[in-house]
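K.L.:
Quick one: this structure, given as structure tokens, is what I'll be asking you about.
The values are calculated or read from the model by the stated rules, or taken from the named source; none is laboratory data. Please read all numbers here as calculations on a predicted model, not as lab measurements. A quick note on method: Cβ atoms are made from the backbone with ideal geometry, for glycine too, and the neighbour counts reach across all protein chains shown. Ligands, DNA and RNA are excluded from the accessible area calculation, which covers all protein heavy atoms including side chains. Shrake-Rupley method; radii C 1.70, N 1.55, O 1.52, S 1.80 Å.
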Amino acid sequence: NAGVMQNPRHLVRRRGQEARLRCSPMKGHSHVYWYRQLPEEGLKFMVYLQKENIIDESGMPKERFSAEFPKEGPSILRIQQVVRGDSAAYFCASSPYDRNEQYFGPGTRLTVT
Amino acid sequence: KNEVEQSPQNLTAQEGEFITINCSYSVGISALHWLQQHPGGGIVSLFMLSSGKKKHGRLIATINIQEKHSSLHITASHPRDSAVYICAPRFTGNQFYFGTGTSLTVIP
């Protein structure tokens, strides 16, 4: 049973470009969570999704950020018009049920130049 | 206000020592995660608990809901245990709140 997969592992974007981060949950998991970790800081919750539904997006910046988890395929975190402050590690986690233990992917390290 | 405090922030131990990392939080929670983040950045879930005690290998986690406190113990520590250990309580609502963690270095 493969773990949570994220790709790419490293992503470099210039200011103003778009970044797309992908997360494939563990097999049988239908709950996905996205977190951001800024340098020297702790993980911060961004969004919680189930298949085709956004359950909680209280941690998402109001502009430029969006997330989806379609019926088929991975969950996508999309950042439009990236700025240097978006440089961070983005982790996704999955769980089989709500309020259950979460399993983390290896993260995507986004660098905005 | 939802707050979580870990102590110590940094810890250096000799191989073989018994290690304790403490986590205190400000308000009632429904569950608490202990996570390990390796120097390369990968995150591993160690435990999720809502009461009592859990053990896995050399790791033991305890939680006292009334005292709003949890501890992570490592017995017979080893250099490969060197990592950041993160306590993440789940306050009201669905989400976990992550502290900045305890950085552990185990010296051979």
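K.L.:
Wholly within region A:1-53, which strands (runs of 3 or more DSSP E) include no fewer than the required count, namely at least 1 residues that are among the polar types (S, T, N, Q)?
P.N.:
Ranges flagged: A:5-7, A:19-24, A:31-37, A:43-50.
K.L.:
Scan region A:34-44 and give yes if some residue there is in contact with a His (Cβ under 9 Å, 6 or more places away or on another chain), modelled with pLDDT under 95 and more than 10 Å from chain B (Cβ to nearest Cβ), otherwise no.
P.N.:
no
K.L.:
Give all pairs with beta carbons closer than 7 Å in which a residue from region A:54-66 that is within 14 Å of chain B (Cβ to nearest Cβ) meets a residue that is aromatic (Phe, Trp, Tyr); count only pairs at least 6 apart in sequence or on separate chains.
P.N.:
A:Ile55/A:Tyr48; A:Asp56/A:Tyr48; A:Gly59/A:Phe45
K.L.:
Take the residues of region B:76-101 that are under 14 Å from the mean Cα position of the chain (by Cα) and more than 9 Å from chain A (Cβ to nearest Cβ): which is nearest to B:Phe18 (Cα to Cα)?
P.N.:
Step one: of region B:76-101, the residues under 14 Å from the mean Cα position of the chain (by Cα) are B:81-90, B:96-101.
Filter again for more than 9 Å from chain A (Cβ to nearest Cβ), leaving B:81-85, B:87, B:89.
Numbers: B:Asp81: 12, B:Ser82: 13, B:Ala83: 15, B:Val84: 16, B:Tyr85: 15, B:Cys87: 19, B:Pro89: 24 Å.
So the residue we want is B:Asp81.
K.L.:
Considering each of B:Ala61, B:Ala83, B:Ala88 in turn, give the residue that is hydrophobic (A, V, I, L, M, F, W, C), touching a His at 6+ places or on another chain (Cβ under 6 Å), at pLDDT 95 or above and surrounded by 20 or more Cβ atoms within 10 Å (Cβ to Cβ). Can you show your working first?
P.N.:
Numbers: B:Ala61 fails: touching a His at 6+ places or on another chain (Cβ under 6 Å); B:Ala88 fails: at pLDDT 95 or above.
Exactly one of B:Ala61, B:Ala83, B:Ala88 is hydrophobic (A, V, I, L, M, F, W, C), touching a His at 6+ places or on another chain (Cβ under 6 Å), at pLDDT 95 or above and surrounded by 20 or more Cβ atoms within 10 Å (Cβ to Cβ), namely B:Ala83.
K.L.:
Consider region B:61-108. How many of its residues are touching a residue at least 60 places away in the same chain (Cβ under 8 Å) and among the polar types (S, T, N, Q)?
P.N.:
Looking only at that region, the number is 6.
K.L.:
Of these, B:His56, B:His73, which one is within 14 Å of chain A (Cβ to nearest Cβ) and either charged (D, E, K, R) or over 21 Å from A:Leu43 (Cα atoms) (or both)?
P.N.:
Just a single option satisfies the conditions, and that option is B:His56.
K.L.:
Would you mind finding the one in B:Leu35, B:Leu104, B:Leu72 that is surrounded by 14 or more Cβ atoms within 10 Å (Cβ to Cβ) and closer than 25 Å to A:Met26 by Cα? Before you say what the answer is, go through the steps one by one.
P.N.:
Working: B:Leu104 fails: closer than 25 Å to A:Met26 by Cα; B:Leu72 fails: closer than 25 Å to A:Met26 by Cα.
None of the other options fit; the residue is B:Leu35.
K.L.:
Which of the residues belonging to region B:10-39 are over 10 Å from the mean Cα position of the chain (by Cα) and within 12 Å of chain A (Cβ to nearest Cβ)? It would help to see each step written out before you state the result.
P.N.:
Going through region B:10-39, the residues over 10 Å from the mean Cα position of the chain (by Cα) turn out to be B:10-19, B:24-31, B:37-39.
Passing the criteria: B:Ile29, B:Ser30, B:Ala31, B:Gln37, B:His38.
K.L.:
Does A:Ser75 meet the test of being touching a residue at least 24 places away in the same chain (Cβ under 8 Å), in contact with a Leu (Cβ under 7 Å, 6 or more places away or on another chain) and open to solvent by 20 Å² or more (accessible area, probe 1.4 Å)?
P.N.:
It is false that A:Ser75 is touching a residue at least 24 places away in the same chain (Cβ under 8 Å), in contact with a Leu (Cβ under 7 Å, 6 or more places away or on another chain) and open to solvent by 20 Å² or more (accessible area, probe 1.4 Å).
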